[in-house]
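Step one of this worksheet: look at the structure below.
Values quoted throughout were computed directly from the atomic coordinates according to the rules given, and no laboratory measurement underlies them. In this text the structure is predicted, and so the values were computed from the model without any measurement. All Cβ positions, glycine included, derive from the backbone under ideal geometry; neighbour counts span all protein chains shown.
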Amino acid sequence: MLCAVYKGPRAPDTYLFVPGHAALEEVPENVRRGFGPLEHVMDLVLTPERRLARIEARELMRRLLRDGCFIQMPPEDDHETPEM
């Protein structure tokens, strides 16, 4: 499965994954608006065996087919704020 990855200035460290190139127009406008002007980052060929950093490729493929897009949020900070 071909997947295109985009980012925008309003959502730092957040990425929008869509299946193929033409699918960007099918992403709801409110989602696209939340990113600001989208910039193409890369294309990925997804296979169930492909290793990705934050989501299993099989799960990403499932979400792209089901939802038409996937938003990867920045990782949550694992460090707790020190108590004063």
Complete set of residues in segment 1-46 that are without any contact (Cβ under 8 Å) to a residue 40 or more places away in the chain and either in a helix (DSSP H, G or I) or among the hydroxyl-bearing types (Ser, Thr, Tyr) (or both): Tyr6, Ala22, Leu24, Glu25, Glu29, Asn30, Arg32, Arg33, Gly34, Phe35
Within segment 57-80, tally of residues that are more than 11 Å from the chain's Cα centre (by Cα) and either surrounded by fewer than 10 Cβ atoms within 10 Å (Cβ to Cβ) or part of a strand (DSSP E or B) (or both): 7
Total residues in segment 39-56, condition surrounded by 15 or more Cβ atoms within 10 Å (Cβ to Cβ) and over 12 Å from the mean Cα position of the chain (by Cα): 2
Count of residues meeting criterion [closer than 24 Å to Glu76 by Cα, of a type outside the set (A, V, I, L, M) and under 12 Å from the mean Cα position of the chain (by Cα)] in segment 13-31: 4
